[in-house]
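Engineer: Structure below; questions to follow.
The values are calculated or read from the model by the stated rules, or taken from the named source; none is laboratory data. It should be emphasised that the depicted structure is a prediction, and the values quoted were computed from it without experimental measurement. Heads up, the Cβs are rebuilt from the backbone with ideal geometry, glycines too, and the neighbour counts pull from every protein chain shown.
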Amino acid sequence: MKNMPEKLRKTMAAKGYLATPGLATPMDAIVLEKAGFDFVYMSGYATSLQMLGWPDVGLLTETEMVENAHRIARVVNIPVIADADTGFGNAINVIRTVEDYEAAGAAGIHIEDQMSPKRCGHMAGKTLIPLEEAVGKVKAAMSAKQNRDFVVIARTDAVAAVGGGLDEAIRRGKAYAEAGADMVFCEFPSTDVEMPQKFAAEVRKAYPNMPFFFNYSSSLDWSDSKVTFHDLAAMGYKIIIVSMACLRVGLQSVWDYAQDMIKRQDQTGKDFDRVLKGHPTYNFHQFAGIARIREKEALFLPGEEVKKKYEGSIGF
């Protein structure tokens, strides 16, 4: 297995910043790798919606999240960064969480400072654990790494949490940097550029080389914002995610297709097929990897069995 944490760090060092859409499925990861992205990000919210059909309010278990990260990591040859929620408990639970994600093939994770059950950083009702406890969890995470290149991202939800605010987020960002986090992540509940700018500047006064992680969230309205990825990179944000992009693109497409099919029946599929011709995903079976399966069958199944399977058989 390739050293994906090392690959992630080398790619980060070679480029001004890395950006990717958030996803929750292995197939989306394959699409993004084929499209040319340097890494993929497993979104906790998207995973909750696609696995459970419920929003991100702390319903997924550590086992479910790690298993999904493993499914994604095993089908791509680019690094996977995964949401690890609160670490699924206290500092001792965090140790197991880091060990499990690392064993699953993830290149890095982020762990937040919310109380359990947690919720998406852009929902109301967030509460924070005490700073001392949060620092202990960051230290526990760093101690649990087997591969020194595995990236532990310490996240604070303090800006929009009860009893929080930007000053509290900055205080926590500095504390997590002091605790040894590889990267610091602050959730911002709006597209206001002044907050991420001030957060990065203040933390870097004490820790000049600290890289930051940014959620260019697809649940926020960026349509009128002039803030670019390059702008964020100039502030020190080295990794940028559009957290639920794959899910939201898919939801829109399925909704529109479904509505059209109700109205136009079979004509919807016919028109879709015409539009898709020439697209990289048009030959669906090829894109999905059926050729690799047939190659392995030829290598490992009895020759006569393979011959019988396909002679006179109709299909791709």
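Engineer: Is at least one residue of the range 196-209 within 30 Å of Phe272 (Cα to Cα) and in the same structural domain as Gly53 (by TED's automatic domain parsing)?
Structural biologist: Of all residues in the range 196-209, those within 30 Å of Phe272 (Cα to Cα) come to none.
Checked the range 196-209: no residue is within 30 Å of Phe272 (Cα to Cα) and in the same structural domain as Gly53 (by TED's automatic domain parsing).
Engineer: Which one is farthest from Met183 (Cα to Cα), of the residues in the range 195-244 that are within 21 Å of the chain's Cα centre (by Cα) and among the charged types (D, E, K, R)?
Structural biologist: Asp221
Engineer: Being buried (at least 21 other Cβ atoms within 10 Å of the Cβ), at pLDDT 95 or above, of a type in the set (A, V, I, L, M) and within 20 Å of the chain's Cα centre (by Cα) narrows it down to one of Ala169, Ala73, Ala158, Ala103, so name that one. Walk me through it before giving the result.
Structural biologist: Working: Ala169 fails: within 20 Å of the chain's Cα centre (by Cα); Ala158 fails: within 20 Å of the chain's Cα centre (by Cα); Ala103 fails: buried (at least 21 other Cβ atoms within 10 Å of the Cβ).
None of the others qualify; the one that does is Ala73.
Engineer: Then there's this: Which of (1) modelled with pLDDT of 95 or more; (2) of a type in the set (D, E, K, R); (3) buried (at least 19 other Cβ atoms within 10 Å of the Cβ) does Lys126 not meet, given it meets every other one?
Structural biologist: The single condition Lys126 does not satisfy is (1).
Engineer: Can I ask one more? Against the definition (surrounded by 10 or more Cβ atoms within 10 Å (Cβ to Cβ), outside the structural domain of Gly36 (by TED's automatic domain parsing) and in contact with a Leu (Cβ under 7 Å, 6 or more places away or on another chain)), how does Tyr257 come out, yes or no?
Structural biologist: Values: surrounded by 10 or more Cβ atoms within 10 Å (Cβ to Cβ): yes; outside the structural domain of Gly36 (by TED's automatic domain parsing): yes; in contact with a Leu (Cβ under 7 Å, 6 or more places away or on another chain): no.
Here the answer is no, as Tyr257 does not meet what is asked.
Engineer: Ok, one more. Quick check on this structure: which one of Glu99, Glu67 is among the charged types (D, E, K, R), out of contact with any Gly (no Cβ under 7 Å at 6 or more places or on another chain) and farther than 14 Å from Ala141 by Cα?
Structural biologist: On the way: Glu99 fails: farther than 14 Å from Ala141 by Cα.
So the residue among Glu99, Glu67 that is among the charged types (D, E, K, R), out of contact with any Gly (no Cβ under 7 Å at 6 or more places or on another chain) and farther than 14 Å from Ala141 by Cα is Glu67.
Engineer: Anything in the range 245-266 that is under 18 Å from the mean Cα position of the chain (by Cα) and either among the small types (Gly, Ala, Ser) or under 14 Å from Leu32 (Cβ atoms) (or both)? List them, or say none. Spell out the reasoning first.
Structural biologist: Restricting attention to the range 245-266, the residues satisfying the condition of being under 18 Å from the mean Cα position of the chain (by Cα) are 245-251.
Matches in the range 245-266: Ala245, Cys246, Leu247, Val249, Gly250.
Engineer: Here is a follow-up. Considering only the range 42-50, I want to know if a residue exists there that is in contact with a Ser or Thr (Cβ under 8 Å, 6 or more places away or on another chain), without any contact (Cβ under 8 Å) to a residue 40 or more places away in the chain and of a type in the set (Phe, Trp, Tyr). Give the derivation first.
Structural biologist: Of all residues in the range 42-50, those in contact with a Ser or Thr (Cβ under 8 Å, 6 or more places away or on another chain) come to 43, 45-46, 50.
Filter once more, keeping what is without any contact (Cβ under 8 Å) to a residue 40 or more places away in the chain: none.
No: zero hits.
Engineer: Does Gly44 meet the test of being surrounded by 17 or more Cβ atoms within 10 Å (Cβ to Cβ) and either more than 15 Å from the chain's Cα centre (by Cα) or acidic (Asp, Glu) (or both)? Break it down stepwise before answering.
Structural biologist: Working: surrounded by 17 or more Cβ atoms within 10 Å (Cβ to Cβ): yes; either more than 15 Å from the chain's Cα centre (by Cα) or acidic (Asp, Glu) (or both): no.
No, not satisfied.
Engineer: Got a sec? Which of Thr268, Thr281, Thr228 is loosely packed, with under 14 Cβ neighbours inside 10 Å and free of Cβ contacts under 8 Å to residues at least 12 places away in the same chain? Step through it out loud before you land on a result.
Structural biologist: Numbers: Thr268 fails: loosely packed, with under 14 Cβ neighbours inside 10 Å; Thr281 fails: free of Cβ contacts under 8 Å to residues at least 12 places away in the same chain.
After applying the criteria, what remains is Thr228.
Engineer: Please work out if Asp224 is assigned to a loop (DSSP other than H, G, I, E, B), over 18 Å from Glu112 (Cα atoms) and not aliphatic (A, V, I, L, M).
Structural biologist: Values: assigned to a loop (DSSP other than H, G, I, E, B): yes; over 18 Å from Glu112 (Cα atoms): yes; not aliphatic (A, V, I, L, M): yes.
Considered against the rule, which asks whether it is assigned to a loop (DSSP other than H, G, I, E, B), over 18 Å from Glu112 (Cα atoms) and not aliphatic (A, V, I, L, M), Asp224 comes out as yes.
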